[in-house]
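A.B. asks: I am attaching a structure below and will ask some questions about it afterwards.
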Amino acid sequence: MSCKIRMSASGVHLFDRVSGVNVLLDEVPVPAEFVSRAPRYLSVALTNACELHCVYCYAPKHAAALDRELVLAWAAELDAGGCLGVGFGGGEPTAYRRFAQLCWDITKSTSMAVTFTTHGHRLTPELVDSLRESVHFVRLSVDGVGATYERLRGRPFAAVVRAAGLLASLAPFGINAVINADTIGDLDGLAVFADEVGACELLLLPEQPTAATSGISDADAQCLVEWAATTRTGVRLAISRTGLEAALPTAETIPGELPLDAHMHLDAAGVLRPHAYSPTGVPVGASIMEAAQALRETQ
Ligand code: SF4
């Protein structure tokens, strides 16, 4: 096993992108001048393009896509700055031109983990073959099961079951599920689905308010918390940072880690933001590390 080392304010962090193992040596103090300035993880919207029309989608609807050479240069800079992983999304990242080649290039030229989140409907055996040894984890978006999924996503549920089968041959993968009034009744079904297709994680994403939707209701949020606290499933449960996690016995990845040390988001127009829903950000020029520093100074 060869580990990447990140010097964090909480200690020395060792990470192996192949096994996904993290070890934090929190008894080793790191002087401030040696603390890594890159975020631990960067999510990247490669493109706003997506052929689905989920009403709760937060991706901007104007056409935009990142320049491939800039993404490669920024990845090298982040790697040197102590970042442990990049996660491609969108839009739909598999709609990005030469997506598999980009993943390969970053895996070969950096020591970061490469991951992506997909709706799965563009996955073919050929695309999966071309991604082999280029990605370390995949997230498959499955909002509800059966008829709920088909109503929300406008695609056959059988097609996403096939996509899960393809991913199982590629890399460890998890299921992402937006939880809202439509999907709250499908939580048991989602846990069974995740278990049956061999996913290692079910990530619960309480719906966030967008221009088109009001987000998860208080009553459904309460149901979600109660379900997560009492359900028994063989699949690891995770929840996005929305405030609800405080009501659950969640494990903090790095105790005391500041939000911008943990994560930043790069949108498809090249603006670096604290997270995907943030209205403010810093346009990235030649250096993403300079943009990261400027973003820290705005907070
Ligand atoms: S699949 Fe994802 S990116 Fe596409 S419309 Fe739905 S939520 Fe948006």
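The values are calculated or read from the model by the stated rules, or taken from the named source; none is laboratory data. Since we're looking at a predicted model, the values are computed, not measured. Virtual Cβ from ideal backbone geometry, glycine too; neighbours counted across all protein chains shown.
A.B. asks: Quick one: would you say F137 is under 16 Å from the mean Cα position of the chain (by Cα), surrounded by fewer than 23 Cβ atoms within 10 Å (Cβ to Cβ) and aromatic (F, W, Y)?
C.D. replies: Yes; evaluated as a whole, the condition is true for this residue.
A.B. asks: Let me ask something else. From the residues in region 226-244 that are farther than 24 Å from S36 by Cβ and under 21 Å from the mean Cα position of the chain (by Cα), which one is surrounded by the fewest Cβ atoms within 10 Å (Cβ to Cβ)?
C.D. replies: G243
A.B. asks: Right, something else. Of the residues in region 132-164, how many are away from the ligand (no atom under 13 Å from the Cβ), hydrophobic (A, V, I, L, M, F, W, C) and assigned to a loop (DSSP other than H, G, I, E, B)?
C.D. replies: Number satisfying all stated conditions: 2.
A.B. asks: In addition: Filter region 67-96 down to residues that are more than 18 Å from H136 (Cα to Cα), charged (D, E, K, R) and part of a helix (DSSP H, G or I), then give me how many there are.
C.D. replies: Residues meeting the conditions: 3.
A.B. asks: Against the conditions (1) surrounded by fewer than 16 Cβ atoms within 10 Å (Cβ to Cβ); (2) in contact with a Pro (Cβ under 8 Å, 6 or more places away or on another chain), where does G285 fall short? Just the number, please.
C.D. replies: Only one criterion is unmet by G285, namely (2).
A.B. asks: Does region 81-99 hold any residues that are more than 16 Å from the ligand (Cβ to nearest atom) and free of Cβ contacts under 8 Å to residues at least 40 places away in the same chain, and which are they?
C.D. replies: R97, R98
A.B. asks: Also: Could you please let me know if A64 is over 24 Å from F173 (Cα atoms), buried (at least 16 other Cβ atoms within 10 Å of the Cβ), within 16 Å of the ligand (Cβ to nearest atom) and among the aliphatic types (A, V, I, L, M)?
C.D. replies: Here the answer is yes, as A64 does meet what is asked.
A.B. asks: Sticking with this one: Being out of contact with any Lys or Arg (no Cβ under 6 Å at 6 or more places or on another chain) and touching a residue at least 60 places away in the same chain (Cβ under 8 Å) narrows it down to one of L131, L152, so name that one.
C.D. replies: Of L131, L152, the one residue that is out of contact with any Lys or Arg (no Cβ under 6 Å at 6 or more places or on another chain) and touching a residue at least 60 places away in the same chain (Cβ under 8 Å) is L152.
A.B. asks: Which of (1) buried (at least 23 other Cβ atoms within 10 Å of the Cβ); (2) in a helix (DSSP H, G or I) does Q101 not meet, given it meets every other one?
C.D. replies: (1)
A.B. asks: Right, another one. Considering each of A262, A212, A294, A269 in turn, give the residue that is aliphatic (A, V, I, L, M) and modelled with pLDDT under 95. Lay out the reasoning, then the answer.
C.D. replies: On the way: A262 fails: modelled with pLDDT under 95; A294 fails: modelled with pLDDT under 95; A269 fails: modelled with pLDDT under 95.
Going through A262, A212, A294, A269 in turn, the sole match is A212.
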